[in-house]
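Remarks on the structure that follows.
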Amino acid sequence: MPMDPNILEVDRYGVSFHQYTTFFKKGFVEPVIELNLTVRRNEITTIVGASGSGKSLLAHGIMGILPENAREKGSIVYQGQPLDRKRIQSLLPGEIVLIPQSINYLDPLMTVGRQIKSLVRKGDPDAVLETTFQRYGLKPEVAGMYPFQISGGMARRVLIATAVVQNPTLIIADEPTPGLDEDLVAEALEQLIRLKEDGCSILMITHDLQAAKKVSDKIVVFKDGRSTCEIPRDIFDDAGKIADCSQYAADLFKALPENDFVDLPARPPAEVSHELEARGLSFSYYGGRRILDSFDFSLNSGEVVGLRGGSGRGKSTFAKLLSGYLNPTSGAIMIDGNPVPRSGFNPIQLIYQHPEKSLDPRWRMRTCLEEAGEVSEEIRRVIGINTIWLNRLPHEISGGEQQRFCIARILQPEVKFLIADEMTAMFDAITQAEIWAVTAEYARAHSIGLLIISHDPSLLNRLCDRIVYI
Amino acid sequence: MEAVCFWREWNLHKQLVLVCLVAAAVLGCIIVTNIVITEKGLAINIADAEQAPSLEYVFGTDWLGRDMFTRTMIGLKNSLVVGLLASFLSVVIAFLLAFTSIFNSRRLDSVLNLAIDLCLGVPHLVLMVMISAAMGGGKTAVVVAVALTHWPSLTRLIRAEILQLRNEHYIGVARKMGKSPLFITVRHILPHLLPVIMVQAVLLFPHAILHEAAVTFLGFGLSPMMPAIGVILSESTRYIAMGMWWLVVFPGLTLLMMVMSFEAIGDSLRILLDPNRTQH
């Protein structure tokens with residue numbers, strides 16, 4: 001009997017949640033409306049979409065771990081048979097496995113080796129562990145370590161090892177790349193290709209289209225709970241053909257830093273010029289390892305500078321030191337040769353990676369926006385803030401919209417330098433391009449020095465006057 | 001038709017309304033009886049002594065012929081007043097103590113922690129009996145005793161909340177936008193604390209009533225002249241063996257009903273006020 005080429009078929013799949021719509025009435029909200037996709041045997045299929053487009057819900061639906069108040073419709077067919085809760089129970093553990101996002105999913109009180117061995121169901125656990133470790137380039141002593149002792153790159157390999165020792169047929173990789181620097185992303189993707197060579201079928205979920213393009217055999221674009229179209233590998237670079245399939249998908253591809261993205265506006269001659277300078281900056285937490293050691297840096301008004309460096313090199317620490325959230329162990333930060341004032345509105349402002357954490361969850365957006373002072377109509381327009389968002393609470397608008405508020409509220413006349421720490425790492429390509437366009441334009445027009453911290457080299461190459469390595 | 005729809009799909013919001021109604025009914029009953037109370041209601045009437053519950057005497061009468069319904073309602077009123085005062089007082093103590101952690105002083109913190117541990121180390125009831133006895137009993141003594149024993153766990157909770165809030169990103173951002181500590185406290189921290197405090201105060205209230213009844217039952221609380229629930233229960237135990245079950249059952253049940261409805265209100269509020277809830 002010939003094998004079915006499709007390992008997983010998702011047909012008109014929808015998820016709705018039973019929750020309060022008014023104070024007394026419960027109704028259904030439907031975040032996932034209609035998803036169609038097929039995962040072919042021995043291929044990497046990638047789901048790309050903005051947050052809230054239903055990617056993770058689909059993964060949870062396949063694994064059978066949706067919350068109690070969820071109702072599903074449509075069908076998920078695994079190897080020719082429908083996948084219902086009962087079947088999931090009999091398949092799991094081992095046949096379909098999820099590679100979790102981070103090391104936090106491991107038991108912090110158990111050594112890595114013991115956790116992996118506990119998952120082995122076929123053969124001698126010790127032997128399986130040894131061969132898996134060899135295959136993924138992990139040293140034998142890693143088995144004796146606890147999750148908090150291993151570095152980011154090792155963590156990725158360990159997480160993959162936890163999946164492969166179970167001999168899976170289908171692997172679901174949930175966001176395997178966010179927050180990793182270029183080398184680690186390359187490595188994580190390399191591991192996925194190896195898994196494919198080992199005969200696994202892979203369903204990858206990500207908002208990182210660049211990573212998806214590198215390894216996928218097929219990309220499925222999700223938008224607002226619907227699957228828009230399936231893009232096979234051979235037309236990844238053919239904008240016309242993608243546009244035939246779905247305009248949204250085409251826009252998504254076009255917004256990548258290596259395609260259209262944003263052009264850095266020219267630097268107008270500055271009327272006033274300031275210089276931000278960090279001299280011999282060192283930092284360590286309570287006598288621990290030095291995270292920064294005598295680092296020198298300078299940034300001028302109107303300049304856009306990129307900061308690159310592997311994970312754990314202290315990029316975020318440096319951002320916090322510059323903007324005064326942390327105090328350096330030694331060294332000084334100065335504007336035009338004077339120390340930065342410690343009270344009042346800080347002329348150096350930091351924009352975080354997570355806008356939802358930078359906004360008071362109980363404040364309306366209007367209050368959040370005007371916390372530091374009035375924000376002019378013009379800034380609101382330039383940053384692209386819609387007036388109807390102003391009366392909402394932070395959780396009622398999307399991450400990209402939240403980030404616009406975080407940017408707009410600090411654009412006070414006093415601000416001289418902006419530090420964007422992975423400002424758009426959580427967003428899809430279109431949102432990312434939009435946010436960078438408005439930020440770069442404003443910074444250039446008002447002679448604000450902009451420091452961009454990112455792990456994405458093509459973004460930095462596109463946006464920055466110069467790039468500094470840490 | 002509307003009513004049918006209302007009950008068909010039971011959910012937490014409806015439950016909250018129901019327990020609020022029960023609590024309001026009990027409260028209303030207590031207030032009304034205490035207003036319309038007459039000398040006759042409390043008078044000793046040996047002729048009618050030891051009556052089982054009937055239409056005339058809903059809760060029956062005791063060994064002196066006093067109407068148990070009236071006595072229960074007055075007892076509940078006394079319990080309510082004590083409970084309210086005590087829980088309010090302990091919330092105030094807890095809030096003031098917990099608020100010191102905003103100053104970020106290590107010495108202050110360790111003193112506070114020591115006090116909390118000390119207080120939690122001694123069983124509640126023992127401490128309450130000791131305080132109440134030392135103050136010579138009576139209403140004030142019971143209120144002070146309950147208030148002084150119930151602040152530690154609450155302090156710990158509010159303190160943990162403040163410490164967590166202080167590390168939130170948006171607080172740091174506000175500081176860097178030049179906002180004063182006062183602004184941050186009033187606008188960012190307090191609004192997050194209030195729901196926590198409110199829920200805890202509602203939950204503390206039935207607890208305080210129960211403890212008041214317990215201390216009174218043991219003879220260290222309200223004076224035996226006052227018809228408090230604790231006094232009624234403690235006196236009535238002697239008569240259970242004589243088959244006068246109504247002397248304990250009705251006062252006990254009403255106390256239970258009141259305590260449980262307030263607990264349910266507190267619990268539902270806790271879930272409702274959680275901004276991250278989606279289910280239930």
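The values are calculated or read from the model by the stated rules, or taken from the named source; none is laboratory data. Computed from a predicted model, the values in this text were never measured in an experiment. Note: ideal-geometry Cβ built from the backbone for every residue, glycine included; neighbour counts use all protein chains shown.
Taking the listed residues A:Lys218, A:Lys223, A:Lys213, the one that is without any contact (Cβ under 8 Å) to a residue 60 or more places away in the chain and touching a helix residue (DSSP H, G or I) at 6+ places or on another chain (Cβ under 9 Å) is A:Lys213, with no other qualifying. Considering only residues in segment A:180-232 that are small (Gly, Ala, Ser) and under 17 Å from A:Asn6 (Cα atoms), the one that is surrounded by the most Cβ atoms within 10 Å (Cβ to Cβ) turns out to be A:Ser216. Residues in segment A:56-77 that are assigned to a loop (DSSP other than H, G, I, E, B) and of a type in the set (A, V, I, L, M) were compared, and the one that is surrounded by the fewest Cβ atoms within 10 Å (Cβ to Cβ) is A:Ile65. Looking for something touching a residue at least 40 places away in the same chain (Cβ under 8 Å) and either among the hydroxyl-bearing types (Ser, Thr, Tyr) or under 20 Å from A:Ser216 (Cβ atoms) (or both) - is there at least one such residue anywhere in segment A:124-136? Scanning segment A:124-136 turns up at least one residue that is touching a residue at least 40 places away in the same chain (Cβ under 8 Å) and either among the hydroxyl-bearing types (Ser, Thr, Tyr) or under 20 Å from A:Ser216 (Cβ atoms) (or both). In this structure, is A:Ser53 in a loop (DSSP other than H, G, I, E, B), crowded, with 17+ Cβ neighbours inside 10 Å and in the same structural domain as A:Ala173 (by TED's automatic domain parsing)? Yes: the conditions hold for A:Ser53. Being farther than 30 Å from A:Gly113 by Cβ, outside any helix (DSSP H, G or I) and touching a Leu at 6+ places or on another chain (Cβ under 9 Å) is a property that does not hold for A:Phe253.
The strands (runs of 3 or more DSSP E) found entirely in segment A:277-339 that carry 2 or more residues being among the β-branched types (Val, Ile, Thr) are A:304-308, A:330-335.
Selection of segment B:196-229 for residues being outside any helix (DSSP H, G or I) and more than 16 Å from B:Leu148 (Cα to Cα) yields B:Leu218, B:Gly219, B:Leu222, B:Ser223, B:Pro224, B:Met225, B:Met226, B:Pro227, B:Ala228.
For segment B:30-42, taking the residues that are over 18 Å from the mean Cα position of the chain (by Cα) and surrounded by 13 or more Cβ atoms within 10 Å (Cβ to Cβ), the one that is modelled with the lowest pLDDT is identified as B:Gly41. Does A:Phe345 satisfy the criteria of being touching a Lys or Arg at 6+ places or on another chain (Cβ under 9 Å), surrounded by fewer than 20 Cβ atoms within 10 Å (Cβ to Cβ) and modelled with pLDDT of 85 or more? When the stated conditions are applied, A:Phe345 passes them. Of all residue pairs spaced 6 or more apart or on separate chains, those with beta-carbon atoms under 8 Å, a first member in segment A:405-420 that is at the interface with chain B (Cβ under 10 Å from one of its Cβ atoms) and a second member that is crowded, with 24+ Cβ neighbours inside 10 Å and of a type in the set (S, T, N, Q) are A:Cys406/A:Ser358; A:Ile410/A:Gln349; A:Val415/A:Gln349.
For segment A:358-373, the tally of residues that are crowded, with 17+ Cβ neighbours inside 10 Å, over 16 Å from B:Pro191 (Cα atoms) and at the interface with another protein chain (Cβ under 9 Å from one of its Cβ atoms) stands at 2.
Taking segment A:393-470 as the region of interest, the helices (runs of 4 or more DSSP H) fully inside it that hold 3 or more residues being crowded, with 22+ Cβ neighbours inside 10 Å and touching a Ser or Thr at 6+ places or on another chain (Cβ under 9 Å) are A:399-409, A:429-445. In summary, A:Pro269 fulfils each of the numbered conditions (1) out of contact with any helix residue (DSSP H, G or I) (no Cβ under 9 Å at 6 or more places or on another chain); (2) assigned by TED's automatic domain parsing to the domain that holds A:Glu441 with the single exception of condition (2). Checking each residue in segment A:327-357 for being within 19 Å of A:Met423 (Cα to Cα) and more than 8 Å from every other protein chain (Cβ to nearest Cβ) picks out A:Pro347, A:Ile348, A:Ile351, A:Gln353, A:Pro355, A:Glu356.
Quick one: would you say B:Ile184 is away from chain A (no Cβ under 12 Å) and either in contact (Cβ under 8 Å) with a residue 12 or more places away in the chain or in a helix (DSSP H, G or I) (or both)? Judged against the criteria, B:Ile184 is not a match.
Would you confirm whether or not segment B:140-159 contains a residue that is part of a helix (DSSP H, G or I), touching a residue at least 12 places away in the same chain (Cβ under 8 Å) and over 19 Å from B:Ala86 (Cα atoms)? Yes, the conditions are met somewhere in segment B:140-159.
The condition (being in the same structural domain as A:Lys196 (by TED's automatic domain parsing), without any contact (Cβ under 8 Å) to a residue 12 or more places away in the chain and of a type in the set (Gly, Ala, Ser)) is satisfied by just one residue among A:Gly27, A:Gly14, A:Gly61: A:Gly27. Taking first residues from segment B:46-63 that are touching a residue at least 24 places away in the same chain (Cβ under 8 Å) and partners that are of a type in the set (Val, Ile, Thr), the Cβ contacts under 8 Å between residues at least 6 apart in sequence or on separate chains come to B:Glu50/B:Thr61; B:Phe59/B:Thr72.
Of all the criteria given as (1) of a type in the set (Ser, Thr, Tyr); (2) surrounded by fewer than 18 Cβ atoms within 10 Å (Cβ to Cβ); (3) free of Cβ contacts under 8 Å to residues at least 60 places away in the same chain, the one not satisfied by A:Thr317 is (2).
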